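Please read the structure below before turning to the comments.
All of the numbers you see were taken from the coordinates with simple rules; none came from a lab. In this text the structure is predicted, and so the values were computed from the model without any measurement. Neighbour counts run over all protein chains shown; Cβ positions are idealised from the backbone, glycine included.
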């Protein structure tokens, strides 16, 4: 804005459903600087590989800034190579770091992916700060660590905020004794002083470029009071599998049902998946029941999220995951009902297309759409497609929330009131048929003679 440059804004949902549209916008508006998180870079790369557009000129693109979540070097390298065919220079992707407290992006790498490939990194380095900000990695005593040593990321400078509005306690907790802002990220500086993030000291989950609080998701599940889920024994944490484009959400809970109650296990899983999907627009990667004995509480009555996440990451829960997956799979198979009506079949086709599943896929009519991967974002798209292809009129969003299976949606659609008649702005004042047209004329014999009606075909 300071440069009075033109900006182009578009809704994320429009681009996510058609990533190639993003390239056409860059071409049409001759965009020089753009932004996208790592998961979108991966989705764009997959779209180009599947159906590369022709005739685009992106030689004007100077920087494809990427942040919010860690960038995988493989994704950056692949996309950079793909964009070169459209005239983009090789080092166009710029992984960066920024927060609201630092006036957004403030640390960038201009040597991606070559710098990272030379060092065989899995996640791209974030480079160095822009003018107006300094960074350091410090230990618990606010002393800067040596190169390669992990610590807490601190920043300072004119572009770093000074205080939180009307919240002195939060402000005090956010700054070190010597006045550096504590970002909440764990990091290290390499031998060249370039930033590398390794995790977070806060409970934040970053999935698909959006930040969520583990505690808030956990609270949403607890407040739902899901049958079969023990109160205060739910743990939510982030997990990023090897080669994954983004973090995923894992939910561990303690069951109140007996171990062999497959129906209760299935119902609890479906309910948790729905809450997480609507809260975060993301399907949880893992929903795992564990006995209370494996979720020990501290003297303060809390379960250590750090310990549970560490145990999950090192595979301590693998036997339970295998058992849970098998139980859910067997139960789903036992209750599977295929679509049986034209409406159910059409709904299944809409879902297959929306979720980018193979055309030969089969979706059971009694499986929750949230288990399939429908989120709060794709739910709106699903609603729109149902209105366009089936009802040809608006339907309430609550219909999909109350009836989250193909069979239930089909039944709810059939019970809707008939569509109102089409609006016609012309309102007739009289619908009684009129007699044939007659003309009126004066009698030539006398001006006082009443007018006489004659046929319009008469001579006048």
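Numbers for the structure displayed
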{"item": "Matching label, percent of Cα pairs over 32 Å apart computed from the structure shown, candidates [x] 55; [y] 44; [z] 67", "result": "[x]"}
{"item": "Relative contact order %, the stretch 137-220, counting alpha carbon pairs below 8 Å whose residues are six or more apart", "result": "25"}
{"item": "Sequence-separation-based contact order of the stretch 1-106, relative, with Cα cut under 8 Å and 6+ spacing, percent", "result": "25"}
{"item": "Between helix 318-335 and the chain: long-axis angle, C-alpha atoms, 0 to 90°, nearest 10", "result": "20"}
{"item": "Prolate/oblate/rounded label for the stretch 1-90 (Cα gyration tensor, a/c 1.5)", "result": "rounded"}
{"item": "Residues 250, 103, sorted so that the one with the fewest Cβ neighbours within 10 Å comes first", "result": "103, 250"}
{"item": "Rounded if a/c under 1.5, otherwise prolate or oblate - the stretch 335-379, Cα gyration tensor axes", "result": "prolate"}
{"item": "Mean separation of Cα contacts under 8 Å, 6 or more apart, over the residue count of the chain: relative contact order %", "result": "8"}
{"item": "Nearest-ten-degree value, helix 38-50 long axis tilted from longest Cα axis of the chain", "result": "60"}
{"item": "Highest-first arrangement of 135-146, 265-276, where packing means the average Cβ count within 10 Å", "result": "265-276, 135-146"}
{"item": "Percent antiparallel among DSSP beta bridges (both partners in the chain, rounded to 5)", "result": "80"}
{"item": "For the chain, calculated [θ]222 nm from helices alone, where every DSSP H run of n ≥ 4 adds -39500 (n - 2.57)", "result": "-9500 deg cm²/dmol"}
{"item": "Exposure proxy ranking, count of Cβ atoms within 10 Å, fewest first, for 80, 128", "result": "128, 80"}
{"item": "The stretch 229-327 shape via C-alpha gyration tensor axes, a/c threshold 1.5", "result": "rounded"}
{"item": "Sorted by Cβ neighbour density within 10 Å, fewest at the top, the residues 294, 99", "result": "294, 99"}
{"item": "For the stretch 211-331, share of DSSP beta bridges that run antiparallel, in % to the nearest 5", "result": "65"}
{"item": "Helix axis angle, 20-29 relative to the chain longest principal axis, alpha carbon, degrees", "result": "80"}
